[in-house]
1. Return a yes/no flag: does the range 305-320 have any residue that is open to solvent by 40 Å² or more (accessible area, probe 1.4 Å) and either closer than 30 Å to Cys51 by Cα or under 26 Å from the mean Cα position of the chain (by Cα) (or both).
2. Please go through the range 103-119 and give me each residue that is under 19 Å from Thr134 (Cβ atoms), open to solvent by less than 30 Å² (accessible area, probe 1.4 Å) and in a helix (DSSP H, G or I), ordered by number.
3. Residues in the range 254-284 that are within 21 Å of Ile243 (Cα to Cα), part of a loop (DSSP other than H, G, I, E, B) and among the charged types (D, E, K, R): how many?
4. Quick check, is Asp180 among the charged types (D, E, K, R), touching a strand residue (DSSP E or B) at 6+ places or on another chain (Cβ under 8 Å) and on the phi < 0 side of the Ramachandran plot?
5. Provide a single number: the residues in the range 12-27 that are under 18 Å from Ser47 (Cα atoms), of a type outside the set (A, V, I, L, M, F, W, C) and open to solvent by 50 Å² or more (accessible area, probe 1.4 Å).
6. Looking at the range 269-284, is at least one residue over 21 Å from the mean Cα position of the chain (by Cα), more than 29 Å from Lys179 (Cβ to Cβ) and surrounded by fewer than 16 Cβ atoms within 10 Å (Cβ to Cβ)?
7. Residue by residue through the range 156-190, note down the ones that are of a type in the set (Phe, Trp, Tyr) and under 28 Å from Asn250 (Cβ atoms).
8. Test Ile243 against the criterion of being at pLDDT 95 or above, aliphatic (A, V, I, L, M) and more than 22 Å from Leu181 (Cα to Cα), and give yes or no.
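The values are calculated or read from the model by the stated rules, or taken from the named source; none is laboratory data. Here the structure is a predicted model, which is why all the values come from computation and not from measurement. Glycine gets a Cβ as well: all are built from the backbone with ideal geometry, and neighbour counts include every protein chain shown. Remember, those area values only see protein heavy atoms, side chains included, never the ligands or the DNA or RNA. Shrake-Rupley method; radii C 1.70, N 1.55, O 1.52, S 1.80 Å.
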Amino acid sequence: MASNLSDYKTEVHNDWCPGCGDFGIVSAIQMALAEMAIPRHKAAIFSGVGCSGKTSHFVNVYGVHTLHGRVMTFAQGAKLANPEMTIVAAGGDGDGLGIGAGHFVAAGRRNVDMTYIIFNNGVYGLTKGQASPTLKLGLKTKSLPEPNVNQSVNPIALAIASGFTFVARGYAYDVRQLKDLIVAAVKHRGLSFLDVLQPCPTYNDINTRDWFAGMDNVDEITKKPRPRIYKLEDTGYDPIVHIDSPDEENEKLTQALIKSNEWDSKIPTGIFYKNEMIAPYDERIADRIPNYLENPPAYQEISSNGKPITDISKILDSLQV
């Protein structure tokens with residue numbers, strides 16, 4: 001049974017620019033948590049630095065506003081300390097794919113059971129619109145003195161190559177589909193990545209809401225715009241690895257990579273890849289520490305009356321040279 005949506009909203013003043021796609025993403029997160037009826041004390045939102053960093057202030061669960069590019073390290077640590085928590089990390093494309101790119105790739109190797117959402121608008125919105133890692137080569141947004149000189153990062157392809165076991169893309173102005181994708185990502189057993197196309201009305205005057213809606217691409221016969229965004233599920237696309245087979249996995253990985261390169265006139269949203277045949281990190285830890293899931297670090301008593309109760313002197317003695 002769904003909880004009240006209002007339970008997951010805070011009264012913190014939101015000062016994002018009018019029309020910002022971030023509003024839709026936060027609404028989708030709140031709607032997803034309410035639909036799944038996740039107890040607020042059993043969920044935590046971790047956010048990085050940037051406009052998206054404020055997300056943890058607007059969702060009424062535990063919130064941790066972390067450091068630039070380090071949101072994945074904090075979020076993974078929390079999940080490993082308390083596997084019962086539902087963990088969602090949120091950050092911008094610059095936060096996650098610029099300074100945080102190394103952590104993004106390393107996370108894929110672990111497959112921690114959590115969700116990472118990137119707000120992808122092609123610019124550093126909080127610091128006046130510099131080109132982010134996802135802005136295409138040669139594009140010149142309103143705040144750039146010259147066209148972007150760097151090749152762009154493909155977030156979907158990078159997540160697939162890094163080892164994320166759930167990879168999807170949403171669109172900030174399609175809140176209902178985005179909510180469904182967040183629900184699917186959170187329910188996935190393993191590391192989920194959701195790339196959300198999020199128009200920045202202040203600094204990115206190229207990839208705008210009208211651009212995604214195809215307002216510049218009118219059908220000559222119907223005289224109607226031809227939207228760039230389409231849903232993979234409407235085409236019969238199957239992202240799921242159904243059997244534990246290298247051939248099956250390679251087939252699904254290949255089709256996901258091919259779809260990830262579609263852009264400009266046709267941009268797919270939906271689930272690109274989903275593989276639950278790979279053991280999440282907590283299961284691998286439990287193979288080495290049998291009581292890990294029953295007695296994780298968050299439940300262990302480490303002090304009494306303000307004094308530590310763990311004696312590590314033997315460990316320190318063994319490290320002496």
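1. No, the range 305-320 has no match at all.
2. Within the range 103-119, Phe104, Ala107, Gly108 qualify.
3. Going through the range 254-284 one residue at a time, the tally reaches 1.
4. So Asp180 does not fit the description; no.
5. Residues that pass the stated criteria total 2.
6. yes
7. Phe164, Phe166
8. yes
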